[in-house]
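Have a look at the structure below before the remarks.
The values are calculated or read from the model by the stated rules, or taken from the named source; none is laboratory data. None of these values were measured; they are calculated from a predicted model. Cβ placement follows ideal geometry from the backbone for every residue including glycine, while neighbour counts extend to all protein chains displayed.
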Amino acid sequence: MTEGFPSQEGNVPLDDDFQLVNKAGDAQRHDYGIPLAVLAELTHRCPLQCPYCSNPLELESASNELGTADWLRVIEELAEIGVLQIHFSGGEPTVRKDLVQLVAKATESGLYSNLITSAVMLDRAKLAALAEAGLKHVQISFQGAEAGVADRVGGFRNGHAKKLAVAGWTRELDLPLTVNAVMHRQNLHQLPEIIEMAYTLGAARIEVANVQYYGWALKNRQSLMPSPDQVDECVRVVEAARARLEGQMEIDFVIPDYYALRPKQCMGGWGRQFFNISPAGKVLPCHAAETITDLRFDSVRDHSLAWIWENSPAFNAYRGTDWMPDPCKSCKFKEVDFGGCRCQAYALTGNAGNTDPACAKSPLHADVFAIAEAESLADQNRFIYRNFSGGLEEGK
Ligand code: FES
């Protein structure tokens, strides 16, 4: 799963007068010459069935995945165009039998490699082999603080216990650990325990990432959307934990966009610093870009990465600020948040070129807040689990 790719920054914090409080600055100009990091989605296969998975609804079959030779070539190209970090993700990247080989290639090419994993398919020997191949960091997703909630959300029995074991091995092997906690209405009550769990596991960092609603999460929005009261409590819990654990564990925090006043600077700006490579080799400006069905994406099967980064019409569609409509065009924050999230604009307005309704300046902002509040109170708690046949309703 791809939640928690570190490029998906939180909502830009502003005071009531829309004055910039922090972030941004001169470094945020749209000089998008060199991508810094790539999310390599090796496969969409995954034993978990999380109802908020950021993979597209139409998952790529194993037979259409890039082969080992293609990935080895792509990793070389990444280094050539200046990429510094590779995040191996999926689906579940440890499904791939060539993962150790790919990590070794990344190491040889001078790339910092991170494994984004559900952890349930790892054993200690495999993790040690990855460390030996030069893996630098492990990020494990947790669905709750204990097995009852966590295994239900992930749709995978005994997954939570396995994750705890793998987190322990990660630290034994002296690899830095990040806990990725995707939060929503049905697990937010466990947030204090999840933060405590991450600390006890020796995580250097926890991402408290409220669900972002596109793809599978949009399909499950009624079952996942937290109430405004839950979000307020979540903010309080995070602030208290940050004060208590300062200098011991970093806490990243993303609130649900629907309750934000300002949009997040998604992916550091479209086509500006980051990109994704899908299992089939399509190069995407973000992990959810395939939800924008009127864009076409170029593939590493047909073009070099250097060509795609510069010339792909999908990348150039929303780069910089020239594409922006009002109110973005005349907004003083346009080079701070770059108009927010294109995938969310598409999901909520049908046009990826519209202002992200997460922004209070969008004419749709109040409607979106009202949708969120109403759905958070809906008596709909059953998930539609992610799978290769369009989803499976919980209990069926
Ligand atoms: Fe925000 Fe795609 S997820 S631009």
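For the stretch 134-175, the set of residues classified as more than 21 Å from Arg382 (Cα to Cα) and either among the aromatic types (Phe, Trp, Tyr) or part of a helix (DSSP H, G or I) (or both) consists of Ala161, Lys162, Lys163, Leu164, Ala165, Val166, Ala167, Gly168, Trp169, Thr170, Arg171, Glu172, listed by residue number. Selection of the stretch 256-283 for residues being more than 15 Å from the ligand (Cβ to nearest atom), within 28 Å of Ala374 (Cα to Cα) and in a loop (DSSP other than H, G, I, E, B) yields only Leu261. Cβ-Cβ distances below 9 Å connect the following pairs, each with a first residue in the stretch 267-291 that is within 20 Å of Ala69 (Cα to Cα), a second residue that is within 13 Å of the ligand (Cβ to nearest atom) and in a strand (DSSP E or B), and a separation of six or more residues or different chains: Asn276/Leu39; Asn276/Leu284; Ile277/Leu39; Ile277/Leu284; Ser278/Leu284; Lys282/Asn276; Val283/Phe275; Val283/Asn276.
Screening Thr291 with (1) under 15 Å from Asp257 (Cβ atoms); (2) among the polar types (S, T, N, Q); (3) over 22 Å from the mean Cα position of the chain (by Cα) gives one miss only, at (3).
Scanning the stretch 199-230 for residues that are away from the ligand (no atom under 15 Å from the Cβ) and among the polar types (S, T, N, Q) yields Thr200, Asn220, Gln222, Ser223, Ser227, Gln230. Within the stretch 307-354, the residues that satisfy the criterion of being within 13 Å of the ligand (Cβ to nearest atom) and among the small types (Gly, Ala, Ser) are Ala314, Ala317, Gly339, Gly340, Ala345, Ala347, Ala352, Gly353. Residues in the stretch 322-354 that are in a loop (DSSP other than H, G, I, E, B) and either touching a Pro at 6+ places or on another chain (Cβ under 6 Å) or among the basic types (Lys, Arg) (or both): Lys329, Lys332, Gly340. The residues of the stretch 46-70 that are surrounded by fewer than 19 Cβ atoms within 10 Å (Cβ to Cβ) and either acidic (Asp, Glu) or over 16 Å from Asn220 (Cα atoms) (or both), listed by number, are Pro47, Glu58, Ser61, Ala62, Ser63, Asn64, Gly67, Thr68, Ala69, Asp70.
Remark: pairs (first residue in the stretch 368-379, more than 16 Å from Gln212 (Cβ to Cβ); second residue part of a loop (DSSP other than H, G, I, E, B); Cβ separation under 7 Å; 6+ apart in sequence or on different chains) = Leu377/Ser227. Of the residues examined, Ala370 is one that is of a type outside the set (Val, Ile, Thr) and farther than 30 Å from Arg73 by Cβ. Looking only at the stretch 296-321, residues that are of a type outside the set (D, E, K, R) and out of contact with any strand residue (DSSP E or B) (no Cβ under 9 Å at 6 or more places or on another chain) come to 10 in all. Leu218 - would you say it is at pLDDT 95 or above and of a type in the set (A, V, I, L, M)? No, not satisfied.
For the condition within 30 Å of Ile371 (Cβ to Cβ) and either surrounded by 19 or more Cβ atoms within 10 Å (Cβ to Cβ) or within 19 Å of the chain's Cα centre (by Cα) (or both), what is the one hit in Gln212, Gln222?
Gln212
Taking the stretch 284-296, which residues are under 23 Å from Tyr52 (Cα atoms) and in a loop (DSSP other than H, G, I, E, B)? Working first, answer last.
In the first step, residues of the stretch 284-296 are kept if they are under 23 Å from Tyr52 (Cα atoms); the result is 284-295.
Matches in the stretch 284-296: Pro285, Cys286, His287, Ala288, Ile292, Thr293, Asp294, Leu295.
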